[in-house]
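**Q** Quick one: the structure is below, questions incoming.
The values are calculated or read from the model by the stated rules, or taken from the named source; none is laboratory data. Since the model is a prediction, treat every value here as computed from it, not as a measurement. Glycine also receives a Cβ, built like all others from the backbone with ideal geometry; neighbour counts cover every protein chain displayed.
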Amino acid sequence: MRVILAKPRGFCAGVERAIKCVEQALERYGAPVYVLNDIVHNANVVNDLRAKGAVFVKDLSNVPPHSHLLFSAHGVGPSRWEEAKALHLEVIDATCPLVEKVHHEASRFAKQDHTIILIGEEGHDETVGTKGWAPNNIRVVLTEEEVEQLEVPDETKLAYITQTTLSVDDCQRVIDALRRRFPHIAGPKSADICYATQNRQAAVNALAPYVDLVLVVGDRESANSNRLAEICRSRNKPAYLISDAGAIQDDWLDGVESILLTAGASAPESLVEGVLAYLKERGAEEIEETEIMAENVHFKLPASIA
């Protein structure tokens, strides 16, 4: 059995930055430090940080006054900042800079009194945070069908923005549908889908045709990881999203001679190594890493923790 390792895969710059923020805060201030929601969408990462002293909360009422609080990579709306200030919390903002870009776009379009179509998943942490920057202007859609059902007050004051972790192809189809229905719709100056999401999808698109099976290491809560598996399935390629090697079912490998192994942007490389070890035990003799494009992006830590 042959295994192709997709590159790039795994941690993106925003995830690396968010995890370092938590680790740096623990080192500087000691445990506990509090994190609103999961710092990134990966249970393995969250459990590791929890073991080091991070406390993950869903509500700021669970954070003692004057504590250190981190906002996750997915970002939050202004109301969370106001709530944290009222509770006298020391905030460390781990919002991914590329998500922050979308927040700025939402604010800009809202100031221009535009109705804003946010292409994204309703209820996803990133979408919830983005909506907070223009709560009275934003409407969320995810499909072309939802675009057809849209009713807007003024078609001349209309703009779209997108969640950063969507399928590039699916998102483009929704954008095209918006432009067909609303020819004057404005958009971001540059694409909102992040570089890491695009690169990991490009690698899967390039390499999946040459294998019998695709394994995507990632959390089921991770939007970008789910997209990688969905892209392969849409091309009639068997693909499974797995949290770690323990999630693999032996019958998936029956008759399989070649496997593509990749990982979502919030999945640590240690989990990929665990899957490789499992596959080697079951007959994988040839491991080949194939780089589709170079990736060398890093984000500075926030000034409050640098």
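**Q** Kindly indicate which of Ala134, Ala86 is small (Gly, Ala, Ser), under 21 Å from Asn37 (Cβ atoms) and crowded, with 20+ Cβ neighbours inside 10 Å.
**A** Working: Ala86 fails: crowded, with 20+ Cβ neighbours inside 10 Å.
That would be Ala134, the only listed residue that is small (Gly, Ala, Ser), under 21 Å from Asn37 (Cβ atoms) and crowded, with 20+ Cβ neighbours inside 10 Å.
**Q** In the stretch 250-279, which residues are touching a strand residue (DSSP E or B) at 6+ places or on another chain (Cβ under 8 Å) and either free of Cβ contacts under 8 Å to residues at least 40 places away in the same chain or part of a strand (DSSP E or B) (or both)?
**A** To start, the set of residues in the stretch 250-279 that are touching a strand residue (DSSP E or B) at 6+ places or on another chain (Cβ under 8 Å) comprises 252-253, 256-264, 267, 269, 271-272, 275-276, 279.
Answer for the stretch 250-279, where residues must be touching a strand residue (DSSP E or B) at 6+ places or on another chain (Cβ under 8 Å) and either free of Cβ contacts under 8 Å to residues at least 40 places away in the same chain or part of a strand (DSSP E or B) (or both): Trp252, Ser258, Ile259, Leu260, Leu261, Thr262, Ala263.
**Q** Those residues that are hydrophobic (A, V, I, L, M, F, W, C) and either in contact (Cβ under 8 Å) with a residue 40 or more places away in the chain or outside any helix (DSSP H, G or I) (or both), I need them from the stretch 4-19; list them, please. Steps first, answer last, please.
**A** As a first pass, look at the stretch 4-19 and keep what is hydrophobic (A, V, I, L, M, F, W, C): 4-6, 11-13, 15, 18-19.
Listed by number, the residues that qualify are Ile4, Leu5, Ala6, Phe11, Cys12, Ala13, Val15, Ala18.
**Q** Which is surrounded by 16 or more Cβ atoms within 10 Å (Cβ to Cβ) and closer than 21 Å to Ile39 by Cβ, of Arg227, Arg220? Explain how you work it out, then say what you get.
**A** Numbers: Arg220 fails: surrounded by 16 or more Cβ atoms within 10 Å (Cβ to Cβ).
On inspection, the qualifying residue turns out to be Arg227.
**Q** Oh, and also: Does His124 fit the bill of being under 22 Å from the mean Cα position of the chain (by Cα), within 28 Å of Cys21 (Cα to Cα) and surrounded by fewer than 21 Cβ atoms within 10 Å (Cβ to Cβ)? It would help to see each step written out before you state the result.
**A** Details: under 22 Å from the mean Cα position of the chain (by Cα): yes; within 28 Å of Cys21 (Cα to Cα): yes; surrounded by fewer than 21 Cβ atoms within 10 Å (Cβ to Cβ): yes.
It is true that His124 is under 22 Å from the mean Cα position of the chain (by Cα), within 28 Å of Cys21 (Cα to Cα) and surrounded by fewer than 21 Cβ atoms within 10 Å (Cβ to Cβ).
**Q** Quick check: anything in the stretch 162-175 modelled with pLDDT of 95 or more, farther than 21 Å from Arg235 by Cα and out of contact with any Asp or Glu (no Cβ under 7 Å at 6 or more places or on another chain)?
**A** yes
**Q** Here is a further query. Among what's in the stretch 49-61 and is in a helix (DSSP H, G or I) and exposed (fewer than 12 other Cβ atoms within 10 Å of the Cβ), pick the residue that is farthest from the chain's Cα centre (by Cα). So that I can check it myself, show each step before the final result.
**A** If we filter the stretch 49-61 for residues that are in a helix (DSSP H, G or I), which is where we start, we get 49-52, 60-61.
Subsequent filtering for residues that are exposed (fewer than 12 other Cβ atoms within 10 Å of the Cβ) retains 51, 61.
Working: Ala51: 23, Ser61: 26 Å.
Filtering the stretch 49-61 for residues that are in a helix (DSSP H, G or I) and exposed (fewer than 12 other Cβ atoms within 10 Å of the Cβ), the one farthest from the chain's Cα centre (by Cα) comes out as Ser61.
**Q** Please enumerate the residues belonging to the stretch 1-22 that are surrounded by fewer than 24 Cβ atoms within 10 Å (Cβ to Cβ) and in contact with a strand residue (DSSP E or B) (Cβ under 9 Å, 6 or more places away or on another chain).
**A** Kept after step one, since they are surrounded by fewer than 24 Cβ atoms within 10 Å (Cβ to Cβ), are these residues of the stretch 1-22: 1-5, 7-8, 10-11, 13, 16-17, 19-20.
The answer is Met1, Arg2, Val3, Ile4, Leu5, Lys7, Pro8, Gly10, Phe11.
**Q** Being outside any loop (DSSP other than H, G, I, E, B) and free of Cβ contacts under 8 Å to residues at least 24 places away in the same chain is the filter; apply it to the stretch 75-103 and report the residue that is nearest to Leu178 (Cα to Cα).
**A** So, considering only residues that are outside any loop (DSSP other than H, G, I, E, B) and free of Cβ contacts under 8 Å to residues at least 24 places away in the same chain, the one nearest to Leu178 (Cα to Cα) is Trp81.
**Q** Here's something else I'd like to know. Among the listed residues Val35, Val22, Val46, Val40, which satisfies the condition of being of a type in the set (A, V, I, L, M), assigned to a strand (DSSP E or B) and not assigned by TED's automatic domain parsing to the domain that holds Ile259?
**A** Matching residue, one of Val35, Val22, Val46, Val40: Val35.
**Q** Still on this structure, I have one more. Here are Ile92, Ile4: which of them is over 20 Å from the mean Cα position of the chain (by Cα) and modelled with pLDDT of 95 or more? Quick ask: steps written out before the conclusion?
**A** On the way: Ile92 fails: over 20 Å from the mean Cα position of the chain (by Cα).
Exactly one of Ile92, Ile4 is over 20 Å from the mean Cα position of the chain (by Cα) and modelled with pLDDT of 95 or more, namely Ile4.
**Q** Moving to a separate point now. Can you name the condition, by its number, that Val46 falls short on among (1) without any contact (Cβ under 8 Å) to a residue 12 or more places away in the chain; (2) surrounded by fewer than 16 Cβ atoms within 10 Å (Cβ to Cβ)?
**A** (2)
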